[in-house]
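Asker: I'd like to ask you about the structure that follows.
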Amino acid sequence: MFQTDNYDWILCLATGGMDLIRIIAHEVGAGISTITIYQVFRVLYIYLLIKPFLTFVLKLYQNK
């Protein structure tokens, strides 16, 4: 389906700053656009789903 190599998948899942990951991707010849899209999706997932969920759970825990 996709023509990606191991560098792409390792860098897509790597933690760290998006600017640093893009620089590393450029140096090793990985797909910069694929890695950037996965990194942005990961950040949006954390801010839009995980943070509100944790806020809700902590408010419930504090009310007990």
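Asker: Below 8 Å, C-alpha to C-alpha, sequence gap of six or more: please give me the relative contact order for the chain in percent. Let's see the in-between values first.
Answerer: Numbers: 32 pairs, mean separation 18.8, N = 64.
Relative CO of the chain lands at 29 percent.
Asker: Calculate one ³J(HN,Hα) per residue across the stretch 19-32 by plugging θ = phi - 60° into the Karplus curve 6.51 cos²θ - 1.76 cosθ + 1.60, and present them in order as whole Hz with x for glycine and proline.
Answerer: 5, 5, 5, 5, 5, 4, 4, 5, 5, 8, x, 8, x, 5
Asker: Let me ask you something else. FRET efficiency for LEU48 and TRP9, Cβ-Cβ distance as r, R0 = 25 Å, nearest 0.05? Present the calculation step by step, with values, prior to reporting the outcome.
Answerer: On the way: r = 23 Å, r/R0 = 0.94.
After rounding to 0.05, the efficiency reads 0.60.
Asker: Roll a 1.4 Å probe over the protein chains and send me the accessible area per residue for the chain in Å². Don't skip to the answer; put the middle values down first.
Answerer: Values: 5520 Å² over 64 residues.
Per residue, the chain has 86 Å² of solvent-accessible surface.
Asker: Karplus couplings for the stretch 55-64 from phi (6.51 cos²θ - 1.76 cosθ + 1.60, θ = phi - 60°), rounded to Hz, Gly and Pro as x?
Answerer: Rounded to whole hertz, the list is 4, 4, 5, 5, 5, 5, 5, 6, 6, 7.
Asker: In the stretch 5-57, what percent of the accessible surface is made up of carbon and sulfur (1.4 Å probe, ligands and nucleic acids excluded)? Provide the component values of the computation, followed by the final result.
Answerer: Working: 2910 of 3970 Å².
Roughly 73 percent of what the probe reaches on the stretch 5-57 is carbon or sulfur.
Asker: Kindly rank 31-39, 12-20 from highest to lowest mean number of other beta carbons found within 10 Å of each residue. Numbers along the way, then the final one.
Answerer: Values: 31-39: 16.9, 12-20: 11.4.
Highest to lowest by the protection proxy: 31-39, 12-20.
Asker: Calculated from DSSP H runs of 4 or more alone, at -39500 (n - 2.57) each and per residue, what is the 222 nm mean residue ellipticity of the chain, nearest 500?
Answerer: On the way: 4 runs with 46 residues, N = 64.
Counting only the DSSP helices, I get -22000 deg cm²/dmol.
The values are calculated or read from the model by the stated rules, or taken from the named source; none is laboratory data. It should be emphasised that the depicted structure is a prediction, and the values quoted were computed from it without experimental measurement. All Cβ positions, glycine included, derive from the backbone under ideal geometry; neighbour counts span all protein chains shown. Areas reflect the complete protein model, heavy atoms only, side chains present, ligands, DNA and RNA absent. Shrake-Rupley method; radii C 1.70, N 1.55, O 1.52, S 1.80 Å.
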